[in-house]
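Here is the structure we will look at, set down as structure tokens.
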2 protein chains.
Amino acid sequence: MITKAQVKHIRSLDDKKNRLEHREFVVEGDKMVTELLQSKLNVIHLFAIKKWIEANKYILPAMADIHEVEESELGRISHMTTPNQVLAVASLPKNNSIEPMGVSLVLDTIQDPGNMGSIIRIADWFGVSSIFCSIHCVDVYNPKVIQSSMGSLFRVGIYYCDILQLLQSHQHVEAYAASLAGDPIRQVVLKKDAFIVIGNESKGISADVMHACHHRMTIPRKGEAESLNAAVATGIICHSLLS
Amino acid sequence: MITKAQVKHIRSLDDKKNRLEHREFVVEGDKMVTELLQSKLNVIHLFAIKKWIEANKYILPAMADIHEVEESELGRISHMTTPNQVLAVASLPKNNSIEPMGVSLVLDTIQDPGNMGSIIRIADWFGVSSIFCSIHCVDVYNPKVIQSSMGSLFRVGIYYCDILQLLQSHQHVEAYAASLAGDPIRQVVLKKDAFIVIGNESKGISADVMHACHHRMTIPRKGEAESLNAAVATGIICHSLLS
């Protein structure tokens, strides 16, 4: 049974403002909730159909508030066109700043939720453990980002910060900017500690951030397209530099 | 001035069924319409604000039916939240089958419009001139695909066909399947005539199409993600094999 107040609260978490105020976010569907339960994140509420609860009884978190619900009730709180067995409300992790180690991604105003989700999957695929996002990036706890990240969100450290200050205060970490003009990526050899900097979908990297980078690198073009999608470019760069 | 009948007709072109029936599709915004006018495609109607018509009078097609409209009128036929100066209705190109030459992409049931648009940009960036789409792929004249292809749609040849039959009837063209298990892509050397085969976002390449491929290739993984986004994988493969 889901109360009206619960429906209202869960729906309010669609908005970033409310997610930040309550320090909570929503995860939906069998696959994503299973990944969430395997992560270090704290699950507060869990709404699931009987069949799902029975199938997952050994992994249910002891401290969570678990509700058995009907599929029709799940429909009232779900974003999905076909609500998928289970929905969880989890605590937002603290946005503690960390010291960059090894290779990190730095995102300057990535705004499309699908691109952000794809970039998180790329980091997880190529073993990049940290992503630093400028404060104008889309919120990664946005439901569309969560879905498109396919669970990788729970395995990669994501930090929102002033990325210009990050680059300036870590001059020993070399910063490599993805750009339409620069060294062909096949010629780039990454330092052990490095930032790979990716810019906004239409405007690229902002001038002051670009100025703080040590290197510019580019994906050689043979055809006519003006640019590549930001997530596609990130994938090509990570494959070229990290594998 | 836009008539009610015109609004109704343009809106009806949101549906693939109506696009196929009328052999027409819609292109919006200054950048995309300018690209359309530079292509070989036939423009039938063009609705634009006065300022746009004046700025583009030398490239307006002689045979098109051109309407000067108010911005508010453009809002009635636009998909965009901020209607952007101009909207054109163009003829769908004929889906003539062509003989594959050089390297082509073959898409097996790519369903996300954003992915399809990104893949068309990738083909255009790396100089791949043809994309063969299975009949269950999203329609490339879907407004979301058109927007995300950023004009590349007008420069790459796109053909819908039975891709299994295409592979089987062109055995001399070697087919390389993107797969989670196969040769690392750095070790793959493409033949001069080749098909690069990309599978569906969640199911990958269907069994019969996979069976018709000569090689399987994979993007080596270092981390934990289960998969990469289909467009990201296409970008990495094209960069690795074609540049």
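The values are calculated or read from the model by the stated rules, or taken from the named source; none is laboratory data. Keep in mind that this is a model prediction, so the values were computed, not measured. Cβ sites come from the backbone with ideal geometry, for glycine too, and all protein chains shown count toward neighbours. What goes into the accessible areas is simple: the full protein's heavy atoms, side chains included, and nothing from ligands, DNA or RNA. Shrake-Rupley method; radii C 1.70, N 1.55, O 1.52, S 1.80 Å.
Laid out as a table, the results:
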item	result
Residues satisfying the stated conditions in region B:89-105, i.e. of a type in the set (S, T, N, Q) and either within 17 Å of residue B:10 (Cα to Cα) or not in a loop (DSSP other than H, G, I, E, B) (or both)	B:91, B:104
Residue satisfying condition, being of a type in the set (D, E, K, R) and open to solvent by less than 20 Å² (accessible area, probe 1.4 Å), within set A:108, A:15	A:108
Scope region B:97-125; condition within 18 Å of residue B:177 (Cβ to Cβ) and more than 8 Å from chain A (Cβ to nearest Cβ); matching residues	B:100, B:103, B:104, B:105, B:106, B:107, B:108, B:109, B:110, B:115, B:119
Matching residues in region A:199-243 - criterion: being outside any strand (DSSP E or B), of a type in the set (S, T, N, Q) and either within 7 Å of chain B (Cβ to nearest Cβ) or surrounded by fewer than 23 Cβ atoms within 10 Å (Cβ to Cβ) (or both)	A:202, A:206, A:227, A:229, A:240, A:243
Odd one out for residue A:192, checked against (1) within 14 Å of another protein chain (Cβ to nearest Cβ); (2) over 25 Å from residue B:201 (Cα atoms); (3) touching a residue at least 60 places away in the same chain (Cβ under 8 Å); (4) open to solvent by 60 Å² or more (accessible area, probe 1.4 Å)	(1)
Which numbered condition residue B:117 misses (of (1) open to solvent by 80 Å² or more (accessible area, probe 1.4 Å); (2) part of a helix (DSSP H, G or I))	(1)
Residue in region A:133-141 that is modelled with pLDDT under 95 and open to solvent by 10 Å² or more (accessible area, probe 1.4 Å) present	no
Residue A:196 being within 15 Å of the chain's Cα centre (by Cα), in a strand (DSSP E or B), under 27 Å from residue A:41 (Cβ atoms) and β-branched (Val, Ile, Thr)	no
Meets criteria (closer than 21 Å to residue A:9 by Cα and open to solvent by 20 Å² or more (accessible area, probe 1.4 Å)) for residue A:41	yes
Matching strands (runs of 3 or more DSSP E) fully within region B:18-88 where at least 1 residues are assigned by TED's automatic domain parsing to the domain that holds residue B:145	none
Residue selected from region A:204-231 under the condition in contact with a helix residue (DSSP H, G or I) (Cβ under 7 Å, 6 or more places away or on another chain) and in contact (Cβ under 8 Å) with a residue 60 or more places away in the chain, by the criterion farthest from residue A:106 (Cα to Cα)	A:229
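Residue-wise test of (1) part of a loop (DSSP other than H, G, I, E, B); (2) under 18 Å from residue A:241 (Cβ atoms); (3) under 20 Å from the mean Cα position of the chain (by Cα); (4) away from chain B (no Cβ under 14 Å).
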position: A:127; (1), (2), (3), (4): yes, yes, yes, no
position: A:133; (1), (2), (3), (4): no, no, yes, yes
position: A:137; (1), (2), (3), (4): yes, no, yes, yes
position: A:140; (1), (2), (3), (4): yes, no, yes, yes
position: A:145; (1), (2), (3), (4): no, no, yes, no
position: A:160; (1), (2), (3), (4): no, no, yes, yes
position: A:172; (1), (2), (3), (4): yes, no, no, yes
position: A:175; (1), (2), (3), (4): no, yes, no, yes
position: A:179; (1), (2), (3), (4): no, yes, no, yes
